[in-house]
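The values are calculated or read from the model by the stated rules, or taken from the named source; none is laboratory data. Note that the structure is a prediction, hence the values are computed from the model and not measured. Positions of Cβ are generated from backbone atoms using ideal geometry, with glycine treated the same way; all protein chains shown enter the neighbour counts. Remember, those area values only see protein heavy atoms, side chains included, never the ligands or the DNA or RNA. Shrake-Rupley method; radii C 1.70, N 1.55, O 1.52, S 1.80 Å.
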Amino acid sequence: MSAIHGMLGESLALLYLLVAAGSYLRRRRGGLPGWLTGIAHALLAAQVLIGVTLFVRAPGAITWWHPVTGLLALAALGLTVLLRPRLGRADATAVTGLVVAVLVLTAVVIARSR
């Protein structure tokens, strides 16, 4: 399960960079389809659930900063709701995707440095 968690984390960093870029590039057409960003969000939720399970089973295996950044990445999805009135749907999704990608990448770097 640890290997799946690692591979999914690295994939999510790339996926959210693609969500950010795709949303930005398609901003004139309303951004990416909702089902596409929904899949990315569901994978992130599954990743955090797997990570919390692994952390509860072996809390000493990783520094506590790793799960904190993962939970922050999940919480950062709420930025879309806050930014949407100011930026519009597509730009809010792009900014949120970039923030989530940075947080996921930070969690990956923390895990690899251990």
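Of the accessible area of the chain, computed with a 1.4 Å probe over protein heavy atoms only, carbon and sulfur atoms account for 72 percent.
Modelled spin-label separation between Val68 and Leu87, with each label point placed 7 Å from Cα along the Cα-to-Cβ direction: 2.5 nm. Averaging 1/r across all pairs of distinct Cα atoms in the chain and inverting the result yields a Kirkwood radius of 14.2 Å.
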